[in-house]
Every structure is written in structure tokens, then in C-alpha cells.
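First comes the structure, then the notes that go with it.
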Amino acid sequence: MAAAAGSDKVVETVIVGNYVEMESEGKSRDIKSKVSKLFWHGGSAYDAWFSCASNQVAQVLLTLPYSFSQLGMVSGIAFQLFYGLMGSWTAYLISILYVEYRTRKEREKVDFRNHVIQWFEVLDGLLGKHWRNVGLAFNCTFLLFGSVIQLIACASNIYYINDNLDKRTWTYIFGACCATTVFIPSFHNYRIWSFLGLLMTTYTAWYLTIASLLHGQVEDVKHSGPTKLVLYFTGATNILYTFGGHAVTVEIMHAMWKPQKFKAIYLLATLYVLTLTLPSAAAVYWAFGDLLLNHSNAFSLLPRSPFRDMAVILMLIHQFITFGFACTPLYFVWEKAIGMHECKSLCKRAAARLPVVVPIWFLAIIFPFFGPINSTVGSLLVSFTVYIIPALAHIFTFRSAAARENAVEQPPKYFGRWVGAYVINIFVVVWVLIVGFGFGGWASVTNFIHQIDTFGLFTKCYQCPLPPSSPHLAANATAPLPSPSPSPPPRIHHP
């Protein structure tokens, strides 16, 4: 009986995600459609894996060594492993809730062929309008600042190969470049970009690792972290932010031919990402130690070379891609709000999306604090958006015995079925609420306010040396928190 019920569940979930128009496109045989399918129109499990892995590690790759200097080597590695697993669990929960919502709606003959399902709609369908409003507020705010961070990172990175313009001017330029993402219709169309983006971050990660090992340790290197609670929890929340990139999970799943295959994809993407983040952060911290406390961008400590310039250029391209990943769900929300979401004209939709880019551009100019802004967003927004809300939503969606019995996806037995899932969910909520939002929020906001007090809002060239002794000198670092030591932070010079 149980086996028969289980097979029925499998049959039901296979139905989810069979888009009529996508299947018909996939069956075309002309050259144009084949080329389009190869480069432009993805929807396989591999596409989803590339999207998750590419989106998860972007500019944060450059700030993880800074976090290691705040946490120390052991805590830095431990937090990456811990938050990587926790992020994979909550991404799994989001995927389960999406499939549950989609299946219920398709039983009611709802047609999603011209509609992209989003996280707030899943919450609305499963738990009601109050959950929808909370989810929409946190998700949109997080994605807004996630896009802001990518724009800030573009200006910060390009400065290391061309300091003829200040970072604010570079922000203007890259804001205009990133606005072109309005022409990318949906996550189906990121197939080639996701693939290239992951190649770019892979190159950058291994460049940081190899260049740091070849450079060797600087003279009198010190590894004193952790030294202050405020720095410790600031570093921890940056790692929380690193593995909280699944705010676009629902949109990525909706772009799949069979979304039920997504369950383990995020975990597999996280495992690959750890092969990039752990060696690079550990190697840079080993080489430069406490100097990283005053240099939030890892590029600033490595000597200029063709390899470093290549890494900077590749990260710039990847940040453009990640900007699109973060902004596309905002485009969808805006389209739905103004009634343009089902419009078939790409140009009309692109024009309607442009107002979304303006506040992102403006906020990147107000808060150009590359590094500290990651931790602030992680503690105040990521903690709720992709950790607390999904865990609570899973608990409340399946709180009744009938809901658990009729669930499309049952929790795996190696997690302890429903009891195990509830225990893990409660642990996630309590941990992230206390450590991520509580201590992390206090530390990151304290550090963020210190940046404002030190540099001011609308600062023209954050972290730039004054005056530069060489056009290729690495930029000065983030202002450290007040310390009882009167000595200035050490500088590193390269011939």
C-alpha cells in the first residue's frame, strides 16, 4: 500500500514542470532553434547547477580572505562548511515548497506557461497573504542590495587596473552597462552566461590561491584573528551572505524542464563552490595575515601582473552576470505590478524594467563600502530571506497530519523524516536568529556605521590611497574599527 502511494507521488512530481511551449521548442529541428537552444534557452538540471554555482560565488570570493582575517583560519573554514550545509538545507526546503505549490495549482488547472512563479507567490499560495507580504519585502530588499553590491564590486575591481577614474565615476559607467540586463527575458536565457560565469570565478579563485602561495608570506606576518567580537561576527555574517545566494531558487527552478530534479542541485553546487572559496581564502590569509584587516578586496594585496588583470576583467564580466541574476526577479515583480509580465514584446518589457535599475545605481553611489556592506546585508536581510522564512514556512505548511500525509515530497529517511526535518528547521531558525541576525547584525551595523563616520556617504573614491605613491599601488584599505593601539596599519609595497 505504502509502495503504491509512493509511486503515485513520483508520478505526480514528474508532471510538475512540463511546459508545453518549451517542449515544442525543444522538438524543433531547424538550425536557428538548435543554436538558440545551445546558447540561449536552457532548462536542464545542468543549467540549474551552473546557475546556482555561478550565482553563489561572485564578488564575495574577493572578501572571504578579509573575513578569514577577522575570524581566524579555523573559524573561517568551519563557518564556510557549516553555512554551506545550512544554505543547502534551506534551498532544499524552498524547492520542496515550490513543488508543493506548483502541484496544487496544476491540480486546479492553473496555467503557468506565460507566468514565472516567484517565492512570494509560493508563500501566498501555501500560507496566505501575510506570509506573502513578509516574503516579498525581505526578498526584494535583499535582491535590491545584492544588485547594489555587484555594482560596487565592479567599480572597486576596475580601479585596480585603471585608476585614471575614481570609483564613483566607474560606478556610473558600470551602472549603465548593467542596465542592459533588462533585455534578458528570464533565467532560461542565462545558459551560456552561467557556464562562462563559473569558468571566470574558477579562474579567479585559483589565481588567488596560486598567486598567494607563490608570493609567500609577507615579512613579520601575523595571524592574530579573532581579536574582537565585533570583527568576529562581521566575518561570520559575510560567510552567511556567501552561502545565502538562493534567493533566486524559485526562479531557477521555474526555468527547469523538470523542477523536481532540483532537490540536490544546490548541495552539489555548494560542494563545488567550497573547492573555490576554501583554498583561495586560506591561501591569501596565510600569505598576508592581519594586513587583510585593512584590505577588504584581496586584489589590493597582490602585485599587478597580466594574470591579476585577467582575473579582474573576468570578475567584472561575472559581476555583470550576477547583477542580472539578482535583478531579474525584481524585473518580474515590477512587471507584475504594472501589468507587463505577460507582454510578448521584449522591447516593451525591457523599457518597463528600466526604472528598477535607477534606485540600485543611486544606492551604489551612496554606500560604496565594498566588504562591510556584504556583512550588513547578510545579517539583516539574508538571515530572514533564505534561512529563517523558508524554515518557518516549511514548518507551518506541513504542521497538520493531513498536509504531511498528502505532501508531494516526503523528507528523506536519513534526515529522520518529519521529526528530523522539524528539528533541523527549528535549529536553523534559532541559530540564524541569535547568531546571524542578533550578534551578526550588531557587529555588521557597528562596522558599517564606522565606515560612514570615517568616509562619509557619497564618498568619491572609497579605499583609494591618498596620495598614491604609484599608479599601480594597491588601494588603501577599509578603515578598521577604533583600536587602542596608536600605530597606523601596516602597508605593503610591491616593486
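The values are calculated or read from the model by the stated rules, or taken from the named source; none is laboratory data. As the structure is a prediction and not an experimental result, all values here were calculated from the model. Neighbour counts run over all protein chains shown; Cβ positions are idealised from the backbone, glycine included. The area values use the complete protein model at the heavy-atom level, side chains included, leaving out ligands, DNA and RNA. Shrake-Rupley method; radii C 1.70, N 1.55, O 1.52, S 1.80 Å.
Condition check ((1) of a type in the set (Ser, Thr, Tyr); (2) within 18 Å of Trp286 (Cα to Cα); (3) surrounded by fewer than 24 Cβ atoms within 10 Å (Cβ to Cβ)) across all residues:
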| site | (1), (2), (3) |
| --- | --- |
| Ser212 | yes, yes, no |
| Gln217 | no, yes, yes |
| Ser224 | yes, yes, yes |
| Thr234 | yes, no, no |
| Thr237 | yes, no, no |
| His246 | no, no, no |
| Thr249 | yes, no, no |
| Ile252 | no, no, no |
Total residues in segment 330-374, condition surrounded by 18 or more Cβ atoms within 10 Å (Cβ to Cβ), among the hydrophobic types (A, V, I, L, M, F, W, C) and in a loop (DSSP other than H, G, I, E, B): 3
All-but-one check, Gly438 against (1) within 30 Å of Thr376 (Cβ to Cβ); (2) surrounded by fewer than 17 Cβ atoms within 10 Å (Cβ to Cβ); (3) at pLDDT below 85, failing number (3)
Does any residue of segment 133-147 turn out to be surrounded by fewer than 21 Cβ atoms within 10 Å (Cβ to Cβ) and assigned to a loop (DSSP other than H, G, I, E, B)? no
Out of all the residues in segment 387-434, which are among the small types (Gly, Ala, Ser) and surrounded by fewer than 16 Cβ atoms within 10 Å (Cβ to Cβ)? Ser400, Ala401, Ala402, Ala403, Gly416, Gly420
Which of the residues belonging to segment 411-428 are assigned to a helix (DSSP H, G or I) and without any contact (Cβ under 8 Å) to a residue 12 or more places away in the chain? Lys413, Tyr414, Phe415, Arg417, Val419, Gly420, Val423, Phe427
Of the residues Asp124, Asp111, which single one is part of a helix (DSSP H, G or I), free of Cβ contacts under 8 Å to residues at least 40 places away in the same chain and either open to solvent by 40 Å² or more (accessible area, probe 1.4 Å) or small (Gly, Ala, Ser) (or both)? Asp124
Might you check whether a residue that is under 18 Å from the mean Cα position of the chain (by Cα), of a type in the set (S, T, N, Q), crowded, with 16+ Cβ neighbours inside 10 Å and in a helix (DSSP H, G or I) occurs anywhere in segment 179-198? yes
Residues of segment 377-410 that turn out to be in a loop (DSSP other than H, G, I, E, B) and in contact (Cβ under 8 Å) with a residue 24 or more places away in the chain, as a count: 4
Among the residues listed as Ile161, Ile117, the single one being open to solvent by 30 Å² or more (accessible area, probe 1.4 Å), touching a helix residue (DSSP H, G or I) at 6+ places or on another chain (Cβ under 8 Å), of a type in the set (A, V, I, L, M) and assigned to a loop (DSSP other than H, G, I, E, B): Ile161
The residue that is nearest to Gly438 (Cα to Cα), considering only those in segment 199-234 that are assigned to a helix (DSSP H, G or I), of a type outside the set (A, V, I, L, M) and over 18 Å from the mean Cα position of the chain (by Cα), is Phe233
Just to be sure I understand, how many residues within segment 338-377 are touching a helix residue (DSSP H, G or I) at 6+ places or on another chain (Cβ under 7 Å), small (Gly, Ala, Ser) and at negative phi? 4
